[in-house]
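> Before I ask anything, let me first share the structure, which is written out below as structure tokens.
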Amino acid sequence: MKDVLLQTTPLALDPDHLTDHDLVQGALANDPEAFRTIMRRHNQRLFRIARAVVRNDSIAEDVVQEAYLRAFEHLETFRGDASLATWLHRVVLNEALGRLRKSSTRREVPLATEQASADIVPFPNAASSEDPERALAQRQILRLVEEATDALPEAFRLVFTARVIEAMSVEETAALLGIKPETVRSRLHRARQLLRRHIDRKIGPVLMNAFPFAGRRCERLTAAVMSRLGLVR
């Protein structure tokens, strides 16, 4: 970062109540807590935007790291015309798209082999470690949604990620991607159609594991009945 102060000025307020202006000023003063708060506040959303472009967890994480360094180096150019989140989104999006342009073909970008660090579908009845079969079924459903999202064309995938996964407004998505609001709406509609088709083709194998009752749960019930029958050795 250019012309940062040699001495830090710690932020006195609760990080949750700091405004964009507070954080930018703190970062310009080289306050470690300001940098930490900015990243913790925006990490998940920036990761998801990057991953929507590169479709790989480790590459997306690297994109976000590089984007942060680039943003912090030029933080004095942030004028507050847009929110800090929007400004960072644009930096990450440019970095991610730049990675793709450096590849000779899109196919050279490997698909993710590990689960994203942040869930994109909330499950209200999350399975515990005592219910591994249900946990496996839920992971399969989550993975199915992730694969369907990855399979979307880039233009639709970016809109879907911004609007549905990150719950950004139509206007925010349009500003981020540099397209018209009506284009956001039409692409989201098309993305949902494509997702539905993809999931319909693959949902059969997943449903075969619905309401699982095997493994540890099966053995526990069997042992309980055997005990009540007096057949336990």
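> Going by what's in this entry, would I165 be described as surrounded by 12 or more Cβ atoms within 10 Å (Cβ to Cβ), out of contact with any Phe, Trp or Tyr (no Cβ under 6 Å at 6 or more places or on another chain) and at pLDDT 70 or above?
Working: surrounded by 12 or more Cβ atoms within 10 Å (Cβ to Cβ): yes; out of contact with any Phe, Trp or Tyr (no Cβ under 6 Å at 6 or more places or on another chain): yes; at pLDDT 70 or above: yes.
When the stated conditions are applied, I165 passes them.
> So, one more: How many residues does region 24-51 contain that are outside any helix (DSSP H, G or I) and either modelled with pLDDT under 90 or buried (at least 20 other Cβ atoms within 10 Å of the Cβ) (or both)?
Final tally of qualifying residues: 1.
> Here's something else I'd like to know. Starting from residues that are within 19 Å of A175 (Cβ to Cβ) and surrounded by 19 or more Cβ atoms within 10 Å (Cβ to Cβ), keep the ones in region 56-77 and report whichever is nearest to the chain's Cα centre (by Cα).
The residue in question is A67.
> Tell me the residue from P10, P15 that is crowded, with 16+ Cβ neighbours inside 10 Å and at pLDDT below 90, please. Working first, answer last.
On the way: P10 fails: crowded, with 16+ Cβ neighbours inside 10 Å.
After ruling out the rest, the residue left standing is P15.
> Check off (1) free of Cβ contacts under 8 Å to residues at least 40 places away in the same chain; (2) over 24 Å from T149 (Cβ atoms) for N43 and give me the number that stays unchecked.
(2)
> If L152 satisfies all but one of (1) more than 17 Å from the chain's Cα centre (by Cα); (2) not in a helix (DSSP H, G or I), what's the number of the condition it fails?
Against the list (1) more than 17 Å from the chain's Cα centre (by Cα); (2) not in a helix (DSSP H, G or I), L152 comes up short only on (1).
> Select from region 162-181 the residues that are farther than 14 Å from R90 by Cα and assigned to a helix (DSSP H, G or I) and list them in ascending order.
R163, V164, I165, V170, E171, P181
> Looking at (1) under 25 Å from L176 (Cα atoms); (2) modelled with pLDDT of 80 or more, can you tell me which one V121 breaks?
The single condition V121 does not satisfy is (2).
The values are calculated or read from the model by the stated rules, or taken from the named source; none is laboratory data. Keep in mind that what you see is a predicted model, and the values were worked out from it rather than measured. Virtual Cβ from ideal backbone geometry, glycine too; neighbours counted across all protein chains shown.
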